[in-house]
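Trainee: One structure, pasted below without further comment.
The values are calculated or read from the model by the stated rules, or taken from the named source; none is laboratory data. Not measured: the values here are computed from a predicted model. Don't worry about glycine lacking a Cβ; one is built from the backbone with ideal geometry, like all the others, and counts go over all protein chains shown.
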Amino acid sequence: MHKSTLRITACAAAFGLAAALTACGSDSDGEAQPTGAGNGASADNPFNVEPGSSVDALILAGGYDTPVFVEYAAELAKDRLGLNTTVSITTDRQTDLQTRLAAGEAPDLSSAPDTVLQMADEMSTLDDVWDSVGYDGVKLSEALLPIAKQSGTYAGKFVVMPITINQYTLYYSASLFRDNGWTPPTTWDEMMELGEAAKAKGKYLFTFGKEAAVYWEWMALDCAVKQGGMDVYLNLANLKPGAYSDPNIKACFTEMKKSVDKGYWVPGGAGTQYTQAQATWSNDQDALFYFTGSWIENEMKDLTAEGFEMTAWPAPFLDPATAKLPFDAVQQTGGEILIVWKSAKNVAGGKELLRALLSKDAATYFAKTTLSPSVVKGVVPADGWGSTALASATQLAEKAGDNALPFLMDWANISYGINTLTQWNSFLSGDLSVDELIAQLQKLSDDVANDPSIEKTEYTLP
């Protein structure tokens, strides 16, 4: 399912229209001049790093093999300022970071730990990185997508920098649609009409697997938030009583229930392993759509039909005339997230290495190699280097801009440990009504809300 990149949690999960949705907390209290600084800052050396100094990076060897890209950026920083970077690889960042921090040997740049919210005060703020002029002569605040800062802000502090985008949306085969004269729908009414057309061709609208049934919860809530606005999300995220009874949620669940009752889903999903279910879409082409993350092309590269033209597409509206958010408000969050520790010996060097990673040179190398969207604008060509999935996901990311939705289930699946897999397997199998689903999801939310042993985070609009 999800790549080994860390999903942004708590405050970082919650970003929205104009800026980050942030958990309540104090603003940055300011920091002293970064350690490792030289004699004077300049546009070419905005963090005043000591030329020729050493930089220590500890990077997770996850699904994207990020150490390779940090090493690439290190060469760019070496050419610029003579920095000498050592990149250490970890497969257990949590343990390795704890060991090094306890020994007073914090790395200058590292992959983020799982406990970002709890450790945010130990991390250097990155506003100066955001405001710096990048290697391409443009301020990074202008060169990067808003998601970079939005998803890296915890308790009012910008302490995490992502280098890629994890996007959650529908995917379909543009070639299959073109061959059949179909147009991807923007509304649920159009989706249901397409379901009938697909059925006439012996195909289904959707498919699901038992381990990934919750992907479709993401789509249903995507629909609800676009229709009703960010209050729908905030009520869910803040575990409000009756949050799931919101009429927009019920309406979107009802549309999905109609598609189940009409037989628009590949049968037997609750008993099917998720990659096998995905292959009915990407290889057998028995289903038209699959809702998933932007890792899907790489995950299914050996189980995708030739000429499939995998393409990202937003979740459908209920009613465009009354929707509070635009159709392009897809769910996104930052991935492959990196931090600079306050206690590091060369904070300035860590930030300089980040600046190198966010250059078009390094970002292009990353995006082309991994076929993953970058937080740096304009690095992916229109043809996505032959990847329709990458090209379309990048286009959606840039269209969404400040209207990007938070990854809607991070608060539940990660922050509070709420597991809705049983409910969604049952619902998509036709074994639960809409009211039963709402009642069961609300109970899970209420159980967490009423459990004093679980620390809560208050989400709010800035």
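Trainee: Output yes when any residue across segment 398-416 is at pLDDT 95 or above and more than 24 Å from Ala143 (Cβ to Cβ), and no when none is.
Mentor: No, segment 398-416 has no match at all.
Trainee: Exactly one condition in (1) acidic (Asp, Glu); (2) buried (at least 19 other Cβ atoms within 10 Å of the Cβ); (3) on the phi < 0 side of the Ramachandran plot is not met by Asp383; state its number.
Mentor: Every condition holds for Asp383 apart from (2).
Trainee: Moving on. Being outside any loop (DSSP other than H, G, I, E, B) and among the β-branched types (Val, Ile, Thr) is the filter here; which residues of segment 44-96 pass it?
Mentor: Scanning segment 44-96 gives Val49, Val55, Ile59, Thr66, Val68, Val70, Thr85, Thr86, Val87, Ile89, Thr90, Thr95.
Trainee: Now a separate question. Which pairs turn up if I take residues in segment 371-392 that are in contact (Cβ under 8 Å) with a residue 12 or more places away in the chain and look for partners that are surrounded by fewer than 20 Cβ atoms within 10 Å (Cβ to Cβ) and part of a loop (DSSP other than H, G, I, E, B) with beta carbon separation below 7 Å, at least 6 apart in sequence or on another chain?
Mentor: Thr388/Glu309
Trainee: With respect to Asp302, determine if the residue is touching a Lys or Arg at 6+ places or on another chain (Cβ under 7 Å) and of a type in the set (D, E, K, R).
Mentor: It is false that Asp302 is touching a Lys or Arg at 6+ places or on another chain (Cβ under 7 Å) and of a type in the set (D, E, K, R).
Trainee: Looking at Val129, Val55, Val116, can you tell me which residue is under 15 Å from Lys342 (Cα atoms) and either touching a Gly at 6+ places or on another chain (Cβ under 6 Å) or not assigned by TED's automatic domain parsing to the domain that holds Leu357 (or both)?
Mentor: Only one candidate passes the filter, namely Val55.
Trainee: Another question, if that's okay. Looking at Ala143, Ala106, Ala174, can you tell me which residue is small (Gly, Ala, Ser), in the same structural domain as Lys203 (by TED's automatic domain parsing) and in contact (Cβ under 8 Å) with a residue 24 or more places away in the chain?
Mentor: Going through Ala143, Ala106, Ala174 in turn, just one is small (Gly, Ala, Ser), in the same structural domain as Lys203 (by TED's automatic domain parsing) and in contact (Cβ under 8 Å) with a residue 24 or more places away in the chain: Ala174.
Trainee: While we're on this one: So is Ala344 in contact with a Ser or Thr (Cβ under 8 Å, 6 or more places away or on another chain), at pLDDT 95 or above and crowded, with 20+ Cβ neighbours inside 10 Å or not?
Mentor: So Ala344 passes the test.
Trainee: Also: Pairs under 7 Å by beta carbon, first residue among the β-branched types (Val, Ile, Thr) and in a strand (DSSP E or B) in segment 178-192, partner surrounded by 14 or more Cβ atoms within 10 Å (Cβ to Cβ) and modelled with pLDDT under 95, six or more apart or different chains?
Mentor: Hits for this filter: Thr187/Phe317.
Trainee: Further, regarding this structure: Going through segment 193-212 one residue at a time, which ones are in a helix (DSSP H, G or I) and over 16 Å from Leu428 (Cα atoms)?
Mentor: Passing the criteria: Glu193, Leu194, Glu196, Ala197, Ala198, Lys199, Ala200.
Conditions (1) touching a helix residue (DSSP H, G or I) at 6+ places or on another chain (Cβ under 6 Å); (2) basic (Lys, Arg); (3) more than 17 Å from Gln332 (Cα to Cα), marked per residue:
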| site | (1), (2), (3) |
| --- | --- |
| Val379 | yes, no, yes |
| Gly386 | no, no, yes |
| Ala389 | yes, no, no |
| Ile418 | yes, no, yes |
| Trp424 | yes, no, yes |
| Gly430 | yes, no, yes |
| Val434 | yes, no, yes |
| Ala439 | no, no, yes |
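Trainee: Within segment 56-84, which residues are in contact (Cβ under 8 Å) with a residue 40 or more places away in the chain, farther than 17 Å from Ser359 by Cα and more than 28 Å from the chain's Cα centre (by Cα)?
Mentor: Result: no residue meets the conditions.
Trainee: Run Ile418 past the list (1) within 23 Å of the chain's Cα centre (by Cα); (2) in contact (Cβ under 8 Å) with a residue 40 or more places away in the chain; (3) within 25 Å of Met256 (Cα to Cα) and report the number of the one that doesn't hold.
Mentor: (2)
Trainee: Here is a further query. For residues in segment 228-253 being farther than 20 Å from Leu444 by Cα and more than 21 Å from the chain's Cα centre (by Cα), which is surrounded by the most Cβ atoms within 10 Å (Cβ to Cβ)?
Mentor: Going through the qualifying residues, I end up with Gly228.
Trainee: Test Gly349 against the criterion of being farther than 30 Å from Cys223 by Cα and not in a loop (DSSP other than H, G, I, E, B), and give yes or no.
Mentor: yes
Trainee: Continuing with this model, one more query. Which of the helices (runs of 4 or more DSSP H) contained wholly in segment 225-329 include at least 3 residues that are closer than 15 Å to Thr187 by Cβ?
Mentor: 247-261
Trainee: Do you know which of the residues in segment 145-167 that are surrounded by fewer than 24 Cβ atoms within 10 Å (Cβ to Cβ) and in contact with a strand residue (DSSP E or B) (Cβ under 7 Å, 6 or more places away or on another chain) is modelled with the highest pLDDT?
Mentor: Gly156
Trainee: Is it true that some residue in segment 437-448 is part of a helix (DSSP H, G or I) and under 19 Å from the mean Cα position of the chain (by Cα)?
Mentor: no
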